[in-house]
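Please read the structure below before turning to the comments.
Coordinate-derived values only; no laboratory data. The structure displayed is predicted, hence computed values, not measured ones. A quick note on method: Cβ atoms are made from the backbone with ideal geometry, for glycine too, and the neighbour counts reach across all protein chains shown.
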Amino acid sequence: MLDIIIRQANLPTQERALDIAIKGDRIVDISPKIAGDAHEEINADGRLVSPPFTDPHFHMDATLSLGLPRMNVSGTLLEGIALWGELKPLLTQEAIAERALRYCDLAVSQGLLSIRSHVDVSTAPLVGVEAMLQVRKQVAPYIDLQLVAFPQDGLYRTKDAEENLIRALDMGVDVIGGIPHFERTMADGAKSVTRLAELAAERGLKLDLHCDESDDPMSRHVETLAYETTRLGLGGHVTASHVTAMHSYDNYYATKLIPLIAESGMNVVPNPLINITLQGRSDTYPRRRGLTRVPELRAAGVNVAFGQDCTMDPWYSLGSADMLEVAHMGVHAVPMTSREAIEWAFTSVTLNGAQAMGLPDPTIRVGGPANMVLLQAQNPIEAVRMKATRLVVIKNGKVLARTAPRTAKLNLPDRPTSLDPADYAPASNTSAN
């Protein structure tokens, strides 16, 4: 007896519907028609079954804190940082954990089952670290939660930040973070990159830096990060997050830099929702979009994965743990509207995010983990276009969440009908009618 059979599922890389058999926490068969019984059968009816969504860049210690102790009136990155500084002395371990757990509930409902969260370690006491270690343990059965020790006010700009970072690592935090462009000088920024990269090499840990989150074309710490990644042989264990300054680099410098990034093997994580709202704030017109050079990085072979970054916190008053919204915004903001690029946007919030986090391959395959999401869409492009409803979320062979399909009942005088948004497919290439 199987545990679950999903009937007639479309897979991201398959052109025909297949059945998926689950036994325990593994996928044991994928074929056109699976015989036998199961404790539960789910009829996908030609809808897409995808690996779970991944978010390789988030700030869970701040999430859902919007309005505490006040609102970010200007909407700028710098006011958000100042506001976070006002909020930190008021934070308690219990309040951080409660908000983080509520966010994790939302994430599960959205099929988001892997998250890398930066945790501020600039100042003691490390209540955020204590809270997030508690949350990581609590959600471990259903969310892969990585924690980054993030000296948000600068490794050298803040007294005792390095000591606090090392203490957080000793407490069990997974990843080393940093923010070189926020140090007092460019020299200190470069120095921090070297120090943090060497610390990652010494400890055998991953490194994920907020790197050049700026409109300044002279903020070029990602070059130093690429150099140190290559020098120390860190490769895919390194992530450069944001790198928004790259949108302001001159083309000659970019053509030098991007091959160095590719050579290093590091990952790049832009955050479309946040980058296009926080960057370009000092511009009049024309106003920069604020997103890094995604097509050029892709063309060079760099693993690029989109992140969410924020949800209802001092920096961003919106957000919903919806990685399809992130992919959808990335398509518009880059822009990248070819069919291939939209499919890639879907991959960026599934497989690419898992790669950036150093997780096992989540591809739906025989022998692979029984982790998947049934979407109200036929294929990845439809899923991005509609930000498709997550109908069923499965982790380790267990159904974690169900959501009713999105439908609308129309009472038009001449044609009362029910409408499923997923019914609207592109016109056929073989007919103009």
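Against the main long axis of the alpha-carbon atoms of the chain, helix 77-87 sits at an angle near 80°. Net charge near residue 175: determine it from the other residues with C-beta under 10 Å of the C-beta of residue 175, scoring Lys and Arg +1 and Asp and Glu -1. Summing Lys/Arg as +1 and Asp/Glu as -1 gives 0.
Counting Lys and Arg as +1 and Asp and Glu as -1 over every other residue whose Cβ lies under 13 Å from the Cβ of residue 26, the net charge comes to +1.
In terms of its C-alpha gyration tensor, the chain has a prolate overall shape, because the principal axis ratio a/c (a ≥ b ≥ c, square roots of the eigenvalues) is not below 1.5 and a/b outweighs b/c.
The long axis of helix 323-333 is offset from the longest Cα principal axis of the chain by roughly 70 degrees.
Each label point was placed 7 Å from the Cα along the Cα-to-Cβ direction; for residue 43 and residue 166 their separation is 6.3 nm. Report summary: the helix-based calculation at 222 nm, which adds -39500 (n - 2.57) for every DSSP H run with n ≥ 4 and divides by the residues of the chain, gives -10000 deg cm²/dmol. Considering the chain as a Gaussian network with a 10 Å cut-off on Cα pairs, which listed residue, 264, 122, 338, attains the greatest mean-square fluctuation? Comparing 264, 122, 338 in a Gaussian network model of the chain, the most mobile one is 338.
The simple Förster model, with R0 at 35 Å and r as the Cβ-Cβ distance, assigns residue 86 and residue 194 a FRET efficiency of 0.65.
Taking 199, 234, 375 as the candidate residues, the one with maximal mean-square fluctuation in a Gaussian network model of the chain, Cα springs under 10 Å, is 199.
Here the chain carries DSSP beta bridges of which approximately 40% are antiparallel, counting only pairs with both residues inside.
Taking 298, 116, 287 in turn, the Gaussian network model of the chain (Cα-Cα springs below 10 Å) assigns the largest fluctuation to 287. The charge dipole of the chain, taken about its Cα centre with unit charges on the Cβ of Lys, Arg, Asp and Glu (plus for the first two, minus for the last two), comes to roughly 600 debye.
Among 237-246, 386-395, 410-419, sorting by the average number of other beta carbon atoms lying within 10 angstrom of each residue, highest first, gives 237-246, 386-395, 410-419. The angle separating the long axis of helix 161-171 from the principal Cα axis of greatest extent in the chain is about 40 degrees. Note on the range 1-71 and the range 351-377: Cα centroid distance 9 Å, given to the nearest whole angstrom.
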